[in-house]
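First up is the structure itself, then whatever we jot down about it.
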Amino acid sequence: MTIASTPSPQAQAPTWSTAELATLAAMAETFVRGAATRRANLAVAALELAADPEQVAQLRMVLRLLERPIVNRVLGAGFRRFRDLSPAARERYVLTWSTSRFAQRRSAYQALRKLLCFLAYADPGEAGAPNPHWARIGYRPDVAPLTSQPTPIRPLVLAPGGVGTAGGSTTTLEADVVVVGSGAGAGVVARELAAAGRAVIVLEAGPFVPEPEMPTHELAAFDRLYLDHGLTSTWDGSISILAGAGVGGGTTINWMTCIAAPPEIRVEWARDHGLAGFDGSEGDADYAAIKGELGVTPAPVLPPKDAALMAGARALGIEAAPTERNAASCTGCGSCPFGCRAGTKRSGLQAHLADATLRGARLVADVRVDRVLLEGDRVAGVEATIGWAAGDQPASSRRLTVHARQVVIAAGALRSPAVLVRSGLGHPAIGRNLRLHPVPLIAGRFNEPVEMWSGVMQAARSTEYSSGEPGRNGYVIESAPGHPGLIALAFSWEGADAHAAMMERVRSFVPLIAIVRDGGEGRLRLTRAGSVRIDYALDATGTATLRHALVRMARLARAAGAREVVAMGAPPAWHGPQAFGPGGEERAFAAFEERLASFDFRPNRGTIFSAHQMGTVRMGSNPRIHACDPAGRVRSGTSDRVVGGLYVADASLFPTAIGANPMLTVMALARRVARTVVSEG
């Protein structure tokens, strides 16, 4: 089942009533005019496929309540059904939700707004009828040329009709080591273990998409290559979360920015968390090896959005430089978040997973590991469900058992804890200490076209504020590329006409983001339906850091020549364009800075994103607060006893957030864990 084509509401969601679908279509028309029924159908398909049933039930209840005149009267919309309100009245009504003092109303508003605005602009349209919004905003997808050397990875086809021993509905495989997941950490571990002569099997819950079959548009990419088909968020909807979910994980769809952990973070991890050697020559060697394997080099060109960042930094006298990236002969097509059809991105498909395959490692895609098999105090393998990515129902799914004496969990910080919990492991730190690098968003509009979706995705960054100071944490400022759906989701909504007018000017916007070292933390739990619930709360330091970043990014955009600057939120904060008198612009911008310095970051007010998830099975020397020891072994409880043969090797291990893009650090820690696995095999 996919959401990339128009679904039938009856086929996709037979429990949705005609009235609910009609109200959802009216809501879609309220946010963005046109194709409302199609968007409602797409939204229903996405929700039924990827959202937790409890959240879907709550959203459907909201839609039913909207058709009760007495409810709308109490909420200030008059004694009428939502569908009977005029378009202007509907807009006024939903805008009151966006700033409501009731968190539940803000959550409902953001859930509907984000999904329906995203679909309005990400949907390529039907055959012969392309999305008309694309022409209005000047969007022309630049499809990358196909690689002449696609990845050598060829996933196993499991019995019946494939490999393995089939018994009833269960297939059995044997290996020395099972690696659960195929992202940044998993690929490094698989490569190192295969190089050491181990029989390695990599199990990935998502699909395998080779380069020639990579998506060419945004909706298909989110559907096929992103966790929860792109719908991942905190439970209250306040933070939108982007994470990879195919073979290669986040390395397949990321923007390739390569930044090592700041030196003070490495020192902190060694000093306060017992990661001996990470701050010295051992850590240096791991980072150097990873950068060599990925072919890390500075961005070859600076697209307009990145040139603006550099120009603003020069004008302000602050540090900025071209971004280092894991790409070779990059075509600059702007398709990084869709997967690299050109094969120039040194993702897992072209680097570590590919090398592991050439050294004999086997990979199985479309398999969700349900639990680790334990015999006494050590592992014996894993049990998994086949057909997970294809959306098979549990009753029709086949089972897979892999027998192995070592298991490395590397399914990402949002899924690795779930595997451990389902396996019966109860360390109190599992699922806690979630760090997200909360990202605020500023956009500056320039006189010239920018087309943030074209060229190198991220080519410049400023580390001027990467070191924290009393009252705030550190962060890195980066450009933020976007394609129409993500832009429509991220940019604030102040009415259908206002949003459409902003989108029509979006070719000239330069978005800036701050990769913020967390102030605050979150927690993961399993819901009754087996989904992963994500809860997250900023603390005072986190809020202060986000506000500090907004002010500095606004200054940077203005110094680069932006005509107007907007901080995204509900409501957003705008500066210009206006006819200022002498000194008027200076006074207006000073007032704008004051507003940003007190910007409201309560849930579902200030816009926050996350593309980095860390810390949920963190490593360290204190058995009471670290679920893994400094070598990556999983502890069996709050003592130094470990589960024999069980390890973690992904961003779950981070003792703290780092305030910079985490891929290189994930891989460096994975090399550290791989040495332990090899020595104990």
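Of note:
- Shape category assigned to region 346-467 from the gyration tensor of Cα positions, a/c cut at 1.5: prolate
- Sites residue 83 and residue 594 - FRET efficiency at Förster radius 41 Å, r taken between beta-carbons, to 0.05: 0.45
- Put simply, when 434-443, 583-592 are sorted by average Cβ atoms within 10 angstrom per residue, most first, you get 434-443, 583-592.
- Distance between the 7 Å Cα→Cβ label points at residue 33 and residue 142: 3.2 nm.
- What separates the Cα centres of region 174-249 and region 621-640 is a distance of 26 Å.
- Summing charges over neighbours of residue 550, with a neighbour being any other residue whose Cβ is under 14 Å away from its Cβ, gives +4 when K and R count +1 and D and E count -1.
- Alpha-carbon radius of gyration plus Dmax, which is the widest Cα pair, for region 590-681 in Å: 18.3, 63
- Degrees between helix 281-294 axis and first principal axis of the chain (Cα, 0 to 90, nearest 10): 70
- Cα-projected label distance for residue 498 with residue 523, points at 7 Å along beta-carbon direction, nm: 3.7
- Of the residues 99, 130, 63, the one whose Cα sits farthest toward the positive end of the charge dipole of region 61-132, with +1 on the Cβ of Lys and Arg and -1 on the Cβ of Asp and Glu, is 99.
- Whole-Hz ³J(HN,Hα) from phi, Karplus 6.51 cos²θ - 1.76 cosθ + 1.60, for region 587-602, glycine and proline x: 5, 5, 5, 4, 5, 4, 4, 4, 5, 5, 5, 10, 4, 7, 10, 5
- As a length-normalised measure over Cα pairs under 8 Å and 6 or more apart, the relative contact order of region 422-492 settles at 24 percent.
- Cα long-axis angle, helix 184-195 against the chain (0 to 90 degrees, to the nearest 10): 20
- Region 358-462, relative contact order [Cα under 8 Å, separation at least 6], %: 20
- Sorting 632-638, 243-249 by average packing, meaning the other beta carbons within 10 Å per residue, from highest down gives 243-249, 632-638.
- Dipole moment magnitude, nearest 20 debye, region 81-164 about Cα centre, only Lys, Arg, Asp, Glu C-beta charged: 560
- Förster radius 45 Å - calculated FRET efficiency between residue 297 and residue 563, Cβ distance, rounded to 0.05: 0.85
- Extension gain for residue 602-residue 622 works out to 3.9 nm (0.36 nm per residue, less the C-alpha to C-alpha distance).
- Share of carbon and sulfur in the accessible heavy-atom surface of region 199-309 [1.4 Å probe, %]: 59
- Cα centroids of region 262-297 and region 394-446: 23 Å apart.
- Dipole moment magnitude, nearest 20 debye, the chain about Cα centre, only Lys, Arg, Asp, Glu C-beta charged: 1180
- Helix content alone sets the calculated 222 nm mean residue ellipticity of the chain: runs of n ≥ 4 DSSP H residues at -39500 (n - 2.57) each, divided across all residues, give -10500 deg cm²/dmol.
- Two-decimal Rg to Rh for region 201-336 - Kirkwood Rh, Cα set: 1.01
- Dipole of region 505-546 [Lys/Arg +1, Asp/Glu -1 at C-beta], most positive-end residue of 534, 510, 545: 510
- Per-q log10 I(q)/I(0), the chain, q = 0.09, 0.11 Å⁻¹ (Debye; single scatterer per alpha-carbon; no solvent): -0.74, -1.13
- Cα-based helix-to-principal-axis angle, 87-98 vs the chain, degrees rounded to 10: 50
- The residues of the chain have, on average, 36 Å² of accessible surface per residue, using a 1.4 Å probe with all protein chains present.
- Prolate/oblate/rounded label for region 86-245 (Cα gyration tensor, a/c 1.5): prolate
- Across the accessible surface of region 46-175, with the other protein chains kept in place and a 1.4 Å probe, carbon and sulfur atoms take up 56 percent.
- Maximal additional length on extending the residue 289-residue 267 stretch stands at 5.9 nm, based on 0.36 nm per residue less the C-alpha distance.
- FRET efficiency for the pair residue 639 and residue 679, taken as 1/(1 + (r/R0)^6) with r the Cβ-Cβ distance and R0 = 30 Å, rounds to 0.85.
- Three-way shape label, region 105-158, alpha-carbon gyration tensor, a/c 1.5: oblate
- Mean Cβ neighbour count within 10 Å, used as a protection proxy, ranking 544-556, 352-364, 290-302 highest first: 544-556, 352-364, 290-302
- Comparing 115, 401, 357 along the charge dipole axis of the chain, the residue lying farthest to the positive side is 115, per the Cβ-charge model.
The values are calculated or read from the model by the stated rules, or taken from the named source; none is laboratory data. It should be emphasised that the depicted structure is a prediction, and the values quoted were computed from it without experimental measurement. Methodologically, a virtual Cβ is constructed for each residue, glycine included, from the backbone with ideal geometry; neighbour enumeration extends over all protein chains shown. When the accessible area is computed, the model is the full protein with side chains, heavy atoms only, and any ligands, DNA or RNA have been set aside. Shrake-Rupley method; radii C 1.70, N 1.55, O 1.52, S 1.80 Å.
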